[in-house]
Structures are given as C-alpha cells and as structure tokens.
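Engineer: Attaching a single structure in structure tokens format; questions to follow.
Bear in mind these aren't lab numbers, they're just calculated from the coordinates by the rules spelled out. Note that this is a predicted model, so its numbers are computed, not measured. No Cβ is skipped: glycine too gets one built from the backbone with ideal geometry, and neighbour counts run over all protein chains shown.
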Amino acid sequence: MKKPLSNAIKKIILDNIEFSTSHGFPNIVRSESFILKLMWILCLLLSSGYCAYCLTKSFQDYFSYETDTLLRFKRVSQIEFPTITICNKFATDLSRSNEVTELAKSGYIKLKSEFTDLTKFNEFFKRVDYYFKYNSIEYKDRFNFVGFDIDKMLLNCNFNFKECNSSNFKLFFSSTYGLCYQFNADKTNIRKISSPGKKAGLSLELFIGYPSKDYDLYKSYGAHLFIHNSSTIPSSEFEGISLSTGHETDVILSKTYFQKLPKPFSDCAQDSNSSEYIHSDLYRETIKLFGQYDQKSCINLCYHKYIFDECGCYYPDLNINKNLTRICDSDIGFECYSNHSASYRESKICIECIEKCPEECESIKYSLQISHANYPTPFYADFLMTYDALINNGSRNFISYSNVKESTLAVNIYFDDICYSIVEEKPSETIEQLVADIGGFLGLCIGVSILSVVEIFDSILRVILLFFSKRMN
C-alpha cells in the first residue's frame, strides 16, 4: 500500500511541476533528452544565482535605511513672523546718574589702568568680555538702573502697516549685553503677516548712545540683532548679526522647515519638548534650561559642563547657570577657563559632545539677505532733533547732524515673499518597493510569481487530501 501512495504523491508533485507557471522546472521535467535537461538545469542555476545576488542587494539597500532629500516650495496666505531680539552693544547707559553707573565707571577706569602692555590687547579684551559677563550676573537685579531703557532706545517702530511702541517689547536679559528687548515673543499670540515687503515687516529706528573715550571698553558699538523662533532662546556666543550706527540695514528673511526621519533612519530627537524621549542627561538638561531641545544649545551646554569638570566652575553665561557661587572668578577661574577653552576644540570631548547631542527631527531656520544704506539724511536728522527736543525734553542730546548719525540706526526686517521651503527626508526604498523588487527579480530570472507560490500550497493540499482519502478507504 505504501508504494502506490508514494507513487501517487510523486505523480502529484511532477504534474504540478510540469504545469507550473515558472519556466525552468517544467522544461526540466518535460525534456526527454539528457542534453536538454542539462541545459535547462544550468540555465536555472545561473538565473537563480543572479536572482539571489539581486535580492540580497535589495535587502541590503532596504535595511541600510538610506534617505532621499526632497525640497519643496510652498506659498501661503499667511506666515508667522519670527521673534526679534534687539540688544544694545553698550551694556550700560553711563548718561544715567546714580550709584550703579558711578560704580560701573570706576570699574571701567580700573580695567583701563591695567591695560599697560599694548601688545597683549587680545588677552585684555578677553578679560574685559569676561568682566562684563561676570558682573552682569552679579548685578542682574540692578541693571534697570544702568541699562538702556527701551523707551529711550526706541525712536520709531512700525509693524505690518501699523505703528508699534515700547509696550510691544518684552524684556530679555543677556549676560553679554545686559538689557535686551524682544518683539513678538508671546508664544500664545504669535503675530502673522500676509504681505511681503518692508511695510508689512518690522521697521525700527533706535538710539544707541554715544561712545565715551574715558569709560568705553568696547571694540565696536551699535546693536546686536537676533532673529529666531519664538520657542528658542538666543545665545550671544554664536548667533545674531551686528547693526552699525549711521546706517539703515535691510534684513530680508526666508524661512525653511527641516524634517528628518527618526529611527531607524537617523538618531534625531523626535520630540523636542519631551525629556523622556532620549535617555541622556544632556538632552534632558537642555530642555530644562531652554524649554525646548535643539542640538546647538545641547552642544553649548556640553562645552560648559566640560569647563566645569576641568575647573570646578562655570563660564559666566546666564542661560547655563544663574548661581554666582558656581561661576569662575576673574582670576584663577578665568585662567583655567582660558586654558581649557583653547584645548576643547581639538579634544575628543568635542566629538563626544556632538555624539551625545542628537540633531532635531524638526527645526526651523531663517536665512538672511542683508544690505545697507546711509542713515539718516540731514533733513531727517533735523526732524529727529526737533522731535527729541519737543517730545522727550532733549533726553538723547541730539545737537547736530553728525551727533545724530553716530548715535542712531535703522533696521527693516521683512519677507520678500509669503512662502517657505520644506527640506524633507523620505526613505530611499519603501516596503512596497522592496516587494516589487522581489517580484521583479523572481519573475525576470526564474519566472516565479505569487501564483507560482500558490502552486506549492496546491501540491501540499492535494497530498494531504490523498492521504486522508486513502486512510478512509
């Protein structure tokens, strides 16, 4: 009985092979000539080998998780205006007469008296910069008595075809510039514009103050401008552009969204607001300090923690540490910071910081085009002098055209088109493409399709039915 059953099973298999939709196996079975059988076997082996090579490569390409970058341009009816942070490079308004300004003047005179070796001016200005930052943290609560007030700085303000004033600005404190002021910083009410051009943008005319030979310890003066997303905190260490007095500066904006694919395509931080996403102390501390994660701030924090590990104290940056007792002093601490800061860029710690700080999956960048023109004209300077004398009782001390030109500036920040770009990553190969590759190579090389696979199950089912029918008999 066993032999008839095995013969029946063999017949089912041979019949299925002979009438299979794949091309190689049926021809091997049907060919009566040994030479023809050998030819078909060789052809089947060669085509199967090539098919295996192509399929292996397809699987490698899919599991390498490569991406393609797509650039799209989208025009919209409205676009969010960025947050504008403006800082006076003169951290102190020495024209204000009080105890704090007198203390600042005496400190400046003391620093200048220490500048005896003119060949070491780089070292001297590093100390001056450090002195300003350290004291800005120490006297943060008293800066209202010595810093430039927004009402004094702001000569004129227009936004989106309407006039604006000092009430539209929010105070922001910087350890480098002292009192800074932010426009459009309310996260719950972000301003939008629907027209391009200067009139729809933000136009500011600012009074900066006058340089003083006796007290100023600056290399340059003017204003520092930050253009950023409302959810980010600007850093004076590596962001912003400088604005010079006597000029009107046009800043033309273009906005770009960057969207990266998360794991397994990259190690980017998918949720910039959640400290639970990545188990990294640096990641969580960045969100704690800045309210939102971004790679640049994380790397900056890593650098400051490296200085703390080496020196036992922090560099005076208010965004990183607000505790003055943990800030490096101006003597031993400053020397330690200077030595290790110079060696950091060439150390392996710098590379480790980048590895510990993943890139954001989603980010917004603003590209700037900048141009300048002379400002103000003699006629407009007369207007400013008259306005200041009548409205502000001459508080800015405008007395001549050159006097106005050296102490004022204008800046226009606007979009030249109501649109933005999207730089988006897409998988180079999707699961649908992988399936198509598998079917294509199987069909091309050995003539196999989905129905060819069904034929295998057909043979198995017929054998099972044959076995049960024999058993019942």
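Engineer: What is the antiparallel percent of DSSP beta bridges lying wholly in the chain, to the nearest 5? Intermediate results must be reported in sequence, preceding the final value.
Structural biologist: Values: 56 of 69 bridges.
Restricted to the chain, the bridges split so that about 80 percent are antiparallel.
Engineer: If every alpha-carbon in the stretch 265-360 counts as one equal scatterer, what log10 I(q)/I(0) does Debye give at q = 0.11, 0.20 1/Å?
Structural biologist: Once normalised to I(0) and log-transformed, intensities are -0.34, -0.96.
Engineer: Please give the contour-minus-distance gain from Tyr65 to Lys110: 0.36 nm per residue of separation, less the Cα-Cα distance, rounded to one decimal in nm. Could the numbers behind the result be given before it?
Structural biologist: Numbers: separation 45, 0.36 × 45 = 16.20 nm, distance 6.11 nm.
10.1 nm is the gain from fully extending Tyr65 to Lys110.
Engineer: Under unit Cβ charges (Lys, Arg +1; Asp, Glu -1), what dipole magnitude, rounded to 20 debye, does the chain have relative to its Cα centre?
Structural biologist: Working: 50 positive and 57 negative charges, 318 e Å.
Rounded to the nearest 20 debye, it is 1520 debye.
Engineer: Excluding residues on the same chain fewer than 8 positions from Lys110, give the lysines whose Cα lies under 18 Å from its Cα.
Structural biologist: Excluding near neighbours in sequence, the set is Lys120, Lys126, Lys133, Lys213, Lys219.
Engineer: Could you state the number of Å between the C-alpha centres of the stretch 138-196 and the stretch 305-348?
Structural biologist: 30
Engineer: Oh, and also: Pulled fully out, how much extra length does the chain show between Ser244 and Gln433, if you take 0.36 nm times their separation in residues and subtract their Cα-Cα distance?
Structural biologist: On the way: separation 189, 0.36 × 189 = 68.04 nm, distance 5.59 nm.
Contour length minus Cα-Cα distance gives 62.5 nm.
Engineer: Rounded to the nearest 0.05, what FRET efficiency is calculated for Asp331 and Glu355 with R0 set to 30 Å and r the Cβ-Cβ distance? Write down the numbers at each step before the final one.
Structural biologist: On the way: r = 34 Å, r/R0 = 1.14.
Given R0 = 30 Å and the Cβ-Cβ separation, E is 0.30.
Engineer: Can you list the residues of the stretch 227-251 with backbone N under 18 Å from a point 7 Å past the Cα of Glu346, pointing along Cα to Cβ?
Structural biologist: The answer is none, because no backbone nitrogen lies closer than 18 Å to the label point.
Engineer: For the stretch 93-133, which chymotrypsin sites (Phe, Trp or Tyr not before Pro) pass both filters: DSSP loop (anything but H, G, I, E, B) and at most 16 other C-beta atoms within 10 Å? Display every interim value, and only then the final one.
Structural biologist: On the way: sites: Tyr108, Phe115, Phe121, Phe124, Phe125, Tyr130, Tyr131, Phe132; in loops: Phe115.
Sparse-neighbourhood loop chymotrypsin sites (Phe, Trp or Tyr not before Pro): Phe115.
Engineer: Related question: Test of understanding: given the chain, find the longest segment containing no GluC sites (Glu not before Pro) that are in a DSSP loop and have at most 16 other Cβ atoms within 10 Å.
Structural biologist: On the way: sites that count: Glu32, Glu66, Glu114, Glu237, Glu239, Glu276, Glu346, Glu359, Glu406.
The reported range is 115-236.
Engineer: Further question on the same structure: Could you tell me which label, among (1) 1.58; (2) 1.03; (3) 1.09, carries the value of Cα Rg over 2.2 N^0.38 Å calculated for this structure?
Structural biologist: Derived directly from the coordinates: (1).
Engineer: Also: Setting aside same-chain residues fewer than 8 positions from Lys187, which lysines have a Cα under 17 Å from its Cα?
Structural biologist: Correct list for Lys187: Lys170.
Engineer: Another one. How far is helix 431-446 tilted off the main Cα axis of the chain, in degrees rounded to 10, range 0 to 90?
Structural biologist: 30
Engineer: Could you grab the relative contact order for the stretch 265-360? Cα pairs under 8 Å, six or more apart, rounded to a whole percent.
Structural biologist: Working: 102 pairs, mean separation 31.6, N = 96.
For the stretch 265-360, the relative contact order is 33 percent.
Engineer: Something else about it: Calculate how steeply helix 121-138 sits against the longest principal axis of the alpha-carbon atoms of the chain, using the helix alpha-carbon long axis, and give the answer as 0 to 90 degrees to the nearest 10.
Structural biologist: 90
Engineer: On a 0 to 90° scale, report how tilted helix 34-63 is relative to the longest principal axis of the chain, with both axes built from alpha carbons and the result rounded to the nearest 10.
Structural biologist: It is inclined by approximately 20 degrees.
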